[in-house]
Amino acid sequence: MLPSLNLSSADASNGSGLDPQRLLELSHRPVKVGIIVLLGAIITLGNVAVLLVISSSVAGWSKNSRYFLLSLTVADSAFGLLVMPLNLCVSLLKDYTEGPDALCHVVAFCNSTVYSTCMYTLASISLERYMAVFYPLQYSSLMTRRRTLLLIAFSWCFPPFLLLPISFPGGIIDVHFSPASLVCNPSYSTNVGYTLSLMCFIFFPCSIVMTYANLSVWCAARRQRLKLRRYQCSHRSRPNVASRVLVPVMAAYYTCWTPCMAAMIYNAVSGSTVPEWIEFVVVWLPTCNGFLNCIFYFWINRSFRRKFHHVVHRFSMALCPKLANALGYGSTSKTQFVSGILDNNNGVHERSSSVSSTCTLLSLA
C-alpha cells in the first residue's frame, strides 16, 4: 500500500508569502531530493543487474520461481524508474501554494499501485516457497505454470482495481502534494473507512501470508537442523540457512513497512500530522525494501552470484576483451567450466520445486 500521510494544514500565506514552517521545508528540499535520487539510483542499478541475470535460467531455480522473482524485480524496479521520477517532477513543477490537481491524483495512484503490487508479489513468493517445502511431491500439480501466471496477474491487476478511486479528482479521496515528503499523498483521513478497507485488503493479508509461510518454513528447518545435529552431524557445524535468508527477509519487510502503516493509521484516526523529517522517513522507507530484496533474494545466493559473473564475463568479452582480461573476466578455463555446468544442467535444475535460497532448508546440505 502507498506509504502516505495526510497533511491537513494548507500552506498558510501571510502578506509576504509562505509561513516559517513552509520556508523551513523549502530549505530542506535539496537534501531530500539528493537522498531520493541516490536511493532511486541504488534501487535501479541493483534490480537491473538482477533482471540481466534471471532473464535466463539460474541453477537451482524452477521456472515458477523465476516468474515470481521476475515479477518482484519489475515491481522493485518501478520504485526507481516510475515512483521517484514522477514525485520529483511534481515537486519541481508544482507550486506549493496550489491545491490538488489531476496530475497529483495520477501520481498518487501510480505510487499506491506499485507499492501494493510489491506487497502481493512478496506474499506470492512466500506462498510458493511454503508449497515447495511442505508439499514437494504435489508441487508440480499444485503450482502449475497456469496457476503461477494467474497469481502474478492477480498481484498486478487487483491493486489498480482496488485503488482506482484515488485517480479521480473530486472523488472520495482527496490528494495533496506534501512539501515534507515530496510526495503526492492521498488524504485518507477524509475517509477512514476506505483507509481501513485498503489495509484489510492489502497490508494485513500480505503480512499474515508472509509471516505464516516464512515462520513455518523456518520452524521446519530448525527442527531438521536439530535432528541432523543429534543423529548425524553433531560434530560438524552447518550454516544456518533459514536464519540467513528468512529472518532478514521478514525483518526488512516489517522494518520498512510498519512505521508507514502506523503513521497512516494514526493520521487517519486523529487527523494530526507528524514532524517533517519523520514523515519523510516513513514515506520513503518502504522503497528501501526494493533494494534489500535484491540482497536477500539474489545476491546472497551462490548460484545467482555465479550466473552474474558468467553474464558479466560474456558482456565484458563482447564489449572490451582487453578490459575483461584486466578485470579477471578473461577466457579462463575455470570460468568457462563453471559457466558450462550452469548452462548445461539447467534442464535438471528447472525441475527444482523451490526458490534456490530455501530449497535446501530441509536438507541443509
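Could you please give the count of residues in segment 130-154 that are closer than 23 Å to V245 by Cα and either in a helix (DSSP H, G or I) or in contact (Cβ under 8 Å) with a residue 60 or more places away in the chain (or both)?
The initial filter retains those residues of segment 130-154 that are closer than 23 Å to V245 by Cα, namely 130-136, 139, 143, 148, 152.
Going one step further and asking which of them are either in a helix (DSSP H, G or I) or in contact (Cβ under 8 Å) with a residue 60 or more places away in the chain (or both), we end up with 130-134, 136, 139, 143, 148, 152.
Within segment 130-154, residues that are closer than 23 Å to V245 by Cα and either in a helix (DSSP H, G or I) or in contact (Cβ under 8 Å) with a residue 60 or more places away in the chain (or both) number 10.
Among the residues that make up segment 3-10, is at least one of them small (G, A, S), crowded, with 16+ Cβ neighbours inside 10 Å and at pLDDT below 65? Yes; the residues of segment 3-10 include at least one that is small (G, A, S), crowded, with 16+ Cβ neighbours inside 10 Å and at pLDDT below 65. Looking only at residues of segment 67-95 that are open to solvent by 20 Å² or more (accessible area, probe 1.4 Å) and modelled with pLDDT under 85, we find that the one that is farthest from N111 (Cα to Cα) is D95.
If only residues of segment 164-203 that are part of a helix (DSSP H, G or I) and among the hydroxyl-bearing types (S, T, Y) are counted, the one that is nearest to P85 (Cα to Cα) is S167.
The number of residues in segment 159-191 being open to solvent by 50 Å² or more (accessible area, probe 1.4 Å) and more than 25 Å from H28 (Cβ to Cβ) comes to 7. In segment 315-323 there is no residue that is at pLDDT 75 or above and touching a Leu at 6+ places or on another chain (Cβ under 8 Å). A single entry from F291, F298 fulfils the requirement of being open to solvent by 50 Å² or more (accessible area, probe 1.4 Å) and within 27 Å of S57 (Cβ to Cβ): F291. One residue stands out among those in segment 47-66 that are open to solvent by less than 10 Å² (accessible area, probe 1.4 Å) and assigned to a helix (DSSP H, G or I): the one that is nearest to S181 (Cα to Cα), which is N47. Picking from A262, A268, which residue would you name as being under 30 Å from Y194 (Cβ atoms), free of Cβ contacts under 8 Å to residues at least 24 places away in the same chain and assigned to a helix (DSSP H, G or I)? Among A262, A268, only A262 is under 30 Å from Y194 (Cβ atoms), free of Cβ contacts under 8 Å to residues at least 24 places away in the same chain and assigned to a helix (DSSP H, G or I). Residue count for segment 141-188 under the criterion of being closer than 27 Å to V33 by Cα and of a type outside the set (A, V, I, L, M): the result is 13. Only one of the listed residues (T73, T113, T117) is under 18 Å from L150 (Cβ atoms) and of a type in the set (V, I, T). That residue is T117.
The values are calculated or read from the model by the stated rules, or taken from the named source; none is laboratory data. In this text, all values refer to a predicted model and were calculated from it rather than measured experimentally. Note: ideal-geometry Cβ built from the backbone for every residue, glycine included; neighbour counts use all protein chains shown. SASA here: full protein model, heavy atoms, side chains in, ligands and nucleic acids out. Shrake-Rupley method; radii C 1.70, N 1.55, O 1.52, S 1.80 Å.
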